[in-house]
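Novice: The structure's right below; bear with me while I get my questions together.
Values quoted throughout were computed directly from the atomic coordinates according to the rules given, and no laboratory measurement underlies them. For clarity, every value in this text was computed on a predicted model and none was experimentally measured. Here the Cβ is made from the backbone with ideal geometry for all residues, glycine too, and neighbour counts use every protein chain on show.
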Amino acid sequence: MDRDLSDDDSVVDLSFEAESPLAPPAELLETLPSCDWVLQGDRHQIFFPPSETAGRPQEQRCWSSFLEHRVPVVTEEVAREALLSFVDSKCCYGSAAAGDLVILELKQQNLCRYRLETFSESRISEWTFQPFTNHSVDGPQRGTSPRLWDIKVQVPPMFQEDTRRFQVPHSSLVKECHKCHGRGRYKCSGCHGAGTVRCSSCSGAKRKAKSARRCQMCSGSGRRRCSTCSGRGNKTCATCKGEKKLLHFTQLVIAWKNSLFEFVSEPQLDCPGELLAKARGETLFKDENTTVYPIVDFPLREISLASRRGISEHSAALASRARVLQQRQTLELIPLTEVRYWYQGKTDVYYIYGTDHQVYVVDYPERCCCGCTIL
Ligand SMILES: [Zn+2]
Ligand SMILES: [Zn+2]
Ligand SMILES: [Zn+2]
């Protein structure tokens, strides 16, 4: 790979030239299969999958059995335990108030959380290249490239996101490296091919200012070996790694993604919605299939509407650019309890939410203000 330095004159200085954009070799573009769903993008092509039309199943769900489901009622004892363990986890909350406060009233409301997950696959193709290392070339002469959605690949487990790249069969072409014009090396920008640079210690004067002694750093030569190219005057082309040729090919990029839609029914109690969205719930109903259909007759109308909205949002967002592989909709019950208490002449509230009894307290009576944020 190393060239003789006498070659220097034939080496083009491209070190200041920006990396060429990934342009498809014109001669290969003509051979790409023409498909109905091919859209020309600026850098890559987007391939739409053939649309699938599926009939709507005539399925009636009986919701009464789901609604009979009860989560355990939060008792006074449970409410106090939850507060005590919450207070324990905070370094600036004292536990005396949690033990002594008088619980006046418990109000429980069970909220419903609807969640839709859509696992989809999208495919794009783009041109790429790599140094050509003399292996056989799978070009158009070996056949027509398959259409992108016809290429069979191993799908990861459902709902597990991943991105993978594949070389499209019969799309390869070997070209001279556009960066070094097939030379494998280019002139070093540090020394412009000389292999040496002016000595920085004596600025090329061979001796130090006001000194009769010759410069020790360059042994009086005024020049030093170029550190960029180790004195060779040229550098191996980083684009082709010195191979002089590049293998261009179409790369299929497949991305498997999860889209999430979530809705929590409106709480009548004054607990922040973002806590309820993250709260642990109890699954009432789970429906997983290649396509799921909106819940239409759920007794809570807002849930039926959310289901319809989630499914249409996902289908609108994905229809033109991805293929849905699997959908899952779940309904969960999230218990929420408002605890009204009395402590040292004042009444206030705190909330217990989720099946794991998380606590939200606005104004805990026994709190120091050291500003710590230890959870
Ligand atoms: Zn150099
Ligand atoms: Zn010097
Ligand atoms: Zn090159």
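Novice: Could you go through region 315-322 in sequence order and give the Karplus-derived ³J(HN,Hα) for each residue, using 6.51 cos²θ - 1.76 cosθ + 1.60 with θ = phi - 60°, rounded to whole Hz, and x for Gly and Pro?
Specialist: 6, 5, 6, 9, 3, 8, 9, 8
Novice: A further question on this structure: Counting only the backbone N, which residues of region 279-295 are under 15 Å from the spot 7 Å out from the Cα of Asp356 toward its beta-carbon?
Specialist: 279-283
Novice: Next question. Using θ = phi - 60° and the Karplus relation 6.51 cos²θ - 1.76 cosθ + 1.60, list the HN-Hα couplings for region 206-213 in order, rounded to whole Hz, with x at every Gly or Pro.
Specialist: Karplus values, whole Hz, x for Gly and Pro: 6, 9, 6, 4, 6, 9, 7, 6.
Novice: Moving on to the next point. Of Tyr360, Tyr351, how do they rank once you tally other Cβ atoms within 10 Å and put the fewest first?
Specialist: Fewest-to-most ranking of Tyr360, Tyr351: Tyr360, Tyr351.
Novice: Over region 198-281, what is the relative contact order in whole percent, taking alpha-carbon pairs under 8 Å and six or more residues apart?
Specialist: So the answer I get is 15 percent.
Novice: Quick check: pseudo-label points 7 Å beyond the Cα along Cα→Cβ at Ser320 and Asp348, how many nm apart are they?
Specialist: Going from the Ser320 label point to the Asp348 one covers 5.3 nm.
Novice: So if I place +1 on the C-beta of Lys and Arg and -1 on the C-beta of Asp and Glu, and nothing else carries charge, what would the dipole magnitude of region 150-237 be about its Cα centre? I want it in debye, nearest 20. If you can, show how the numbers build up before the last one.
Specialist: Details: 20 positive and 4 negative charges, 269 e Å.
Value, rounded to 20: 1300 debye.
Novice: Among Ser230, Leu246, Ala205, whose Cα lies farthest out toward the positive end of the dipole of region 160-287, if unit charges sit on the beta carbon of Lys, Arg (+1) and Asp, Glu (-1)?
Specialist: Ala205
Novice: Run the simple label-point estimate for Val78 and Lys206 please: 7 Å along Cα→C-beta, distance reported in nm.
Specialist: A separation of 9.5 nm, rounded to one decimal place.
Novice: Could you calculate the FRET efficiency of Glu262 with Ser189 from 1/(1 + (r/R0)^6), where r is the beta carbon distance between them and R0 is 45 Å, rounded to 0.05?
Specialist: 0.25
Novice: Would you mind ranking Thr163, Thr330, Thr250 so that the residue whose beta carbon has the fewest other beta carbons within 10 Å leads the list?
Specialist: Going from least to most buried by this count: Thr163, Thr330, Thr250.
Novice: Follow-up. Once phi is turned into θ = phi - 60°, what whole-Hz ³J(HN,Hα) does the Karplus curve with 6.51, -1.76 and 1.60 give for every residue of region 95-112, x standing for Gly and Pro?
Specialist: So the Karplus estimates, Gly and Pro as x, are 8, 4, 4, 4, x, 9, 4, 9, 7, 9, 7, 10, 10, 10, 9, 9, 9, 10 Hz.
Novice: If I model a spin label as a point 7 Å beyond the Cα along the Cα-Cβ vector, how far apart are those points for Arg165 and Arg214 in nm?
Specialist: Simple spin-label model gives 5.2 nm for this pair.
Novice: Now for a separate question. Let me check against my output: what whole-number percent is the relative contact order of region 250-344, with C-alpha pairs under 8 Å and at least 6 apart?
Specialist: About 36 percent, as a whole number.
Novice: How big is the dipole moment of region 81-231 about its Cα centre under a simple scheme where the beta carbon of each Lys and Arg is +1, that of each Asp and Glu is -1, and everything else is neutral? Debye, nearest 20, please.
Specialist: Approximately 2580 debye in magnitude.
Novice: Largest first and in whole Å, what are the equivalent-ellipsoid semi-axes of region 235-369 based on the Cα gyration tensor, each being the root of 5 times an eigenvalue?
Specialist: Whole-Å semi-axes of the equivalent ellipsoid: 48, 27, 11.
Novice: Same structure, new question: Express in nm, to one decimal, how much length is gained between Glu274 and Glu126 on full extension, taking 0.36 nm for each residue of separation and deducting their alpha carbon distance. The partial results should precede the final answer.
Specialist: On the way: separation 148, 0.36 × 148 = 53.28 nm, distance 4.02 nm.
Length gained, Glu274 through Glu126: 49.3 nm.
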